[in-house]
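One structure is given below, encoded as C-alpha cells.
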Amino acid sequence: GDADMSNVQVYGQMQLHTTSGDIDFEGSGKDLEINTVSGDVDMNGSMETAQIRTVSGDVDVTVENQSIRRFAAKSTSGELSLTLPEDVQADMNCRSVSGYVNQSHRSYPGAPVVSVHMQTVSGGICVY
C-alpha cells in the first residue's frame, strides 16, 4: 500500500520499503533510504543524505536545506527529478540509457557541495 508521511522528523537513519505503493514524505531527516518495486516517490524537505531506488516508478524530490551532502536515485523505468536550493553546488553524475538528461541547476560559487548520482534505464532525469 501507499505510505503518506507529513511533518516527519528523523534524527538518525530511516528506511522505507514498499512492494507496490507510492511513498509521499514531507519533513526532515539525517539519512533517508527509500526502496519501492512499483510506485512513485515524492519527497519534500531537509536531509543530509538520501538514497532512493525504484524499479518502476517516478521520483520527485525537492530539497529545502543547504546541509545536504549526498543524493542518489536509481530507477529502471521511471522519471527522476531533483530540485536543489540555489545555495548549494551540485557535483553531478547523471545517466540515462534511453532518456534525456537535463542538468539545469544553477548555484553560487563558494556554496556547499552536494554529490548527486542519478541513473535510469528508460526514463528522463532533471536536476533543477
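The values are calculated or read from the model by the stated rules, or taken from the named source; none is laboratory data. Since this is a predicted model, take the numbers as computed values, not measurements. Methodologically, a virtual Cβ is constructed for each residue, glycine included, from the backbone with ideal geometry; neighbour enumeration extends over all protein chains shown. Note: areas computed on protein heavy atoms with side chains; ligands, DNA, RNA excluded. Shrake-Rupley method; radii C 1.70, N 1.55, O 1.52, S 1.80 Å.
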> If you roll a 1.4 Å probe over the heavy atoms of the protein chains, what accessible area per residue do you get for the chain, in Å²?
Replying inline: 50 Å²
> Thr19 versus Glu64, label points 7 Å from Cα toward the beta carbon: distance in nm?
Replying inline: 3.4 nm
> With all protein chains present, how much of the accessible area of the chain (probe radius 1.4 Å) comes from carbon and sulfur, to the nearest whole percent?
Replying inline: 44 percent
> Quick one: putting +1 on the C-beta of Lys and Arg, -1 on the C-beta of Asp and Glu, what dipole do you get for region 1-74 around its Cα centre, in Debye to the nearest 20?
Replying inline: 460 debye
> Among His17, Met47, Ala73, whose Cα sits farthest toward the positive end of the charge dipole of the chain (+1 at Cβ of Lys/Arg, -1 at Cβ of Asp/Glu, about the Cα centre)?
Replying inline: Ala73
> From Cα coordinates alone, what are the radius of gyration and Dmax values for the chain in angstrom?
Replying inline: 13.6, 43
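Tally Lys/Arg at +1 and Asp/Glu at -1 over every other residue whose Cβ is under 10 Å from the Cβ of Gly45; what's the total?
Numbers: positive: none; negative: Glu26, Glu64.
After counting each charged neighbour, the total is -2.
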> Placing +1 at every Lys and Arg Cβ and -1 at every Asp and Glu Cβ, with all other atoms neutral, what dipole size does the chain have around its Cα centre, in debye to the nearest 20?
Replying inline: 580 debye
> What ³J(HN,Hα) values, in whole Hz, does the Karplus curve 6.51 cos²θ - 1.76 cosθ + 1.60 give for region 114-125 when θ = phi - 60°, with x put for Gly and Pro?
Replying inline: 10, 8, 10, 10, 9, 8, 9, 8, 10, x, x, 10
> Whole number please: convex hull volume per residue of the Cα set in region 82-128, in Å³?
Replying inline: 52 Å³
